[in-house]
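The values are calculated or read from the model by the stated rules, or taken from the named source; none is laboratory data. From a predicted model like this one, the values you see are computed outputs, not experimental measurements. Using ideal geometry, Cβ is built from the backbone for each residue, glycine included, and neighbour counts are taken over all protein chains shown.
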Amino acid sequence: MIEQTEASTTTSVSTQASFIKCTLQSAPRLPTFSIDGDFVIGGVFCLHYELDSVIYNYTTKPESIRCTGSPTTRELRFSRTLIFAIEEINNSTELLPGIKLGYQIYDSCASVPVSVHVAFQLSNGQDPVFDKDSNCSHSGVVVAAVGDSTSSLSISLSRIIGSFNIPLVSHFATCACLSDKQQYPTFFRTIPSDQFQADALAKMVKHFGWTWIGAVRSDSDYGNNGMATFLDAAQREGICVEYSESLYRTDPSTKIQRVADLIRRSTSMVVVAFLDAADMKVLLEELVQEPSPPRQWIGSEGWITDPHLMSFSFCAGAIGVAIQKSVIPGLRDFLLDLSPTEVAASTLLTDFWEEAFHCSLNKNIKTLKNPYTETSQFRITNMVYKAVYAIAHAIHNAVCQETNLTTQCDKHFRLESKQILSELKKVNFSQNGYPVSFDANGDPVAFYELVNWQKSESGVIELVTVGYYDASLPKGQEFHINTNITWVKGGPQVPVSVCSESCPPGTRKVLQKGKPICCYDCIPCPEGEISNTTDSPDCIPCPSEFWSNANKNVCMLKLVEFLSFDEVLAIILATFSVIGACLAIITAVIFFHHRTTPIVRANNSELSFLLLFSLTLCFLCSLTFIGAPSEWSCMLRHTAFGIIFVLCISCVLGKTVVVLMAFKATLPGSNAMKWFGPPQQRMTVVSLTFIQVLICTVWLVLSPPFPIKNLTTYKEKIILECALGSAVGFWAVLGYIGLLAVFCFVLAVLARKLPDNFNEAKMITFSMLIFCAVWITFIPAYVSSPGKFTVAVEIFAILASSFGLILCIFAPKCLIILFQPEKNSKKYLMNKN
């Protein structure tokens, strides 16, 4: 932009002097508003959104790009706020006393090429020609600048003026990328970075339980970087995005329509819009052509407070983050104090007035309703105001000194922009109660209001503050929301936006193939496992002694199972045990009462009484198997059963041998009975029983039975049972009983046809047949029966074999004694023989 030329002149003494002239090669871009001062502050705002079309024919020098269209009323308010702040500072006796600040406010036309031109203009100044001693390096009169309203334009500005150490303080550029001091060392801002905004939006979405959202953004540095930051934060919060689309106000209508159709067809109820106001307006204008199903809009600060957009009633209920509402005393009067003379002196103000009042100057601006006159809520406006004061404080700290309680400022001080840069890093003050300072990245402390679009009684959408987000608070306490929120369609209930309904306790999430993590099926937990939280990814196995309830959300103690006395089965078995014992006792009484009769004396009364005694114990022994197993009951039930049954079989064996010996004794020359008289019979019973006692003793000493909790047979309940301890000991006891029973059965078979009295040999044969059949079938039944039925099978075997013995051996004799006494005589006995 600058051309260096050299000229020579000859003085009267013929000496030649050289000098350098620096000439701007393009027409300077004139500021929209300007005023001279001791120190000049620049301002860059998007006062227009349209450009003149330029045709380049490459035969003539092209003209500078010109801005056209209607003035942007909100940006006009920003520029006028800068003027107000500078005039307020110039009238202050505390800040920069005796110093007059000037300003140069440029229109960037929301265009990067124009903002680049403006940046060079701020760096070079407006003089078309200037002289320098050695080169054309020239710093403009602007010591710092305020602007721009978008991140893309601020990036362009900062890259250029930053090369000259000119600070740029933005009021509305929020891209987190601008916090990079390696790339933008001279950039500051009074508005928080989108890093905080994205975090606040993600926390808000999470707070309301929305896990399935749509996302639209401006196709600009603001939208792309802001949405990328938001999506990272959303992912950390477990939020899924159905779609993420970008658009720009100048995009073809087909693309805008495609984005609108995607919103209409989507299944997500919530749409997070990271757009600036102009792009949002284009999207809503497309959506209003064919209204979509109700959508809950979540807005960034770029559009959520724009009053123009609140005319789209289908967006009522929108909620988003906004810059804090502020009070600036005197600004409202300043903005509304526009005289016709002042308007006529400015092309921009004239265009604004003609647009607002349709070319008439005889109107009162106070009756006008547009963003320029919307002075009830200063938000971004306050950011402009704070930016101007931040620069003024930096200048004050550089050129003023405190002496004797007075402040002396040197307006002739040669102030370099890099001095302002240094002082800006250290500013820390409060203006109208709002603190102003910058961290190492040039960012302020982040504070947002949460605002809600609510319809008033008149049907007009109003902006209502419903909470706040304060990044200075401890983690987890930054976010606060009130309850007076109006949602989409004016409802009081928070809308639901999830890909899949939450999985209740008792189920677990299983991701749907090919879909985001928020889309899943709810699978019931298997038996023995639970989930006690909503959306549990896994089911937790219950501890070994616990089992899941019917809803699979609580582990409960397993039911403890054993054959207890209050069960029907146990009562029946116990009843038969008692009946059997009583039957044996009654039989013994009968035999004792008729002990002198032939039928009792002929059948070895001593062994009969001993057998009846052992049968009584057999019946009562079964009772030890009922009830909760204990250490003593486990040892008692098996050993008592083994010893008593051996005693019983020994008695039967003795009676069988007596029959055989008695037959042999009747043969000529036989003296067999003397070898098996009563002493020998007693000795046989004692010896056989002693062997079982010895087996049981070894079993108890080495590895006795003990109570255990069986957790394997049934998963859902605990079986209290007696472990065998040594399986060898248990089967040795049963085997010995079986051996005696088989031996007794063989002898009984041999003696079944002998002519004994009252057919006792036959009855013993039947009883042993029943005994062996019972215990042979007992073995597979015992092994295969689960839980308490194992005990029941064992009790049944004991009772069945005992009843078989008592009924086969003693019932016929009792029948004769009680009902056929004529047969119980010596005469009958002799005749039978």
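Structure values in brief
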quantity	calculated
Region 278-298, residues that are in contact (Cβ under 8 Å) with a residue 24 or more places away in the chain and in a helix (DSSP H, G or I)	ALA278, ASP279, MET280, LYS281, VAL282, LEU283, LEU284, GLU286, LEU287
Qualifying residue in region 539-553 (condition: of a type in the set (Lys, Arg) and farther than 30 Å from GLU462 by Cβ)	yes
For CYS555: the one exception among (1) more than 30 Å from TYR520 (Cβ to Cβ); (2) touching a Ser or Thr at 6+ places or on another chain (Cβ under 7 Å); (3) of a type in the set (A, V, I, L, M, F, W, C)	(1)
Condition check for VAL436: aliphatic (A, V, I, L, M), assigned to a loop (DSSP other than H, G, I, E, B) and modelled with pLDDT of 90 or more	no
Cβ pairs under 9 Å, 6+ apart, first in region 181-197 and assigned to a strand (DSSP E or B), second among the aromatic types (Phe, Trp, Tyr)	PHE188/PHE438; ARG189/PHE172; ARG189/PHE438
Selection count, region 299-329, where residues are within 21 Å of GLN195 (Cα to Cα) and either in a loop (DSSP other than H, G, I, E, B) or out of contact with any Gly (no Cβ under 6 Å at 6 or more places or on another chain) (or both)	12
Qualifying residue in region 798-821 (condition: modelled with pLDDT under 85, touching a strand residue (DSSP E or B) at 6+ places or on another chain (Cβ under 9 Å) and not hydrophobic (A, V, I, L, M, F, W, C))	no
Matching residues, region 220-277, being assigned to a helix (DSSP H, G or I), of a type in the set (Asp, Glu) and touching a Pro at 6+ places or on another chain (Cβ under 9 Å)	none
ILE517 vs. criteria surrounded by 14 or more Cβ atoms within 10 Å (Cβ to Cβ), at pLDDT below 90 and in contact with a His (Cβ under 9 Å, 6 or more places away or on another chain)	no
Top-ranked residue of region 389-433 - restricted to ones that are acidic (Asp, Glu) and not in a loop (DSSP other than H, G, I, E, B), ranked as surrounded by the fewest Cβ atoms within 10 Å (Cβ to Cβ)	GLU402
Hits in region 360-388 (condition: in a helix (DSSP H, G or I) and within 46 Å of the chain's Cα centre (by Cα))	ILE380, THR381, ASN382, MET383, VAL384, TYR385, LYS386, ALA387, VAL388
Residues of region 784-805 that turn out to be of a type in the set (Ser, Thr, Tyr) and touching a residue at least 24 places away in the same chain (Cβ under 8 Å), as a count	3
Among (1) over 51 Å from the mean Cα position of the chain (by Cα); (2) crowded, with 22+ Cβ neighbours inside 10 Å; (3) closer than 18 Å to PHE334 by Cα; (4) polar (S, T, N, Q) - the single one ASN91 does not satisfy	(2)
In region 200-219, the residues that are of a type outside the set (Gly, Ala, Ser) and either closer than 12 Å to VAL494 by Cβ or in a strand (DSSP E or B) (or both)	MET204, VAL205, HIS207, PHE208, TRP210, TRP212, ILE213, VAL216, ARG217
Subset tally (residues that are touching a helix residue (DSSP H, G or I) at 6+ places or on another chain (Cβ under 8 Å), outside any helix (DSSP H, G or I) and among the small types (Gly, Ala, Ser)) for region 53-92	2
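Quick grid of which residues meet (1) among the β-branched types (Val, Ile, Thr); (2) touching a helix residue (DSSP H, G or I) at 6+ places or on another chain (Cβ under 6 Å):
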| position | (1), (2) |
| --- | --- |
| ASP351 | no, no |
| LYS366 | no, yes |
| THR375 | yes, yes |
| THR381 | yes, yes |
| TYR385 | no, yes |
| VAL388 | yes, yes |
| ALA392 | no, yes |
| GLU416 | no, no |
| LEU421 | no, no |
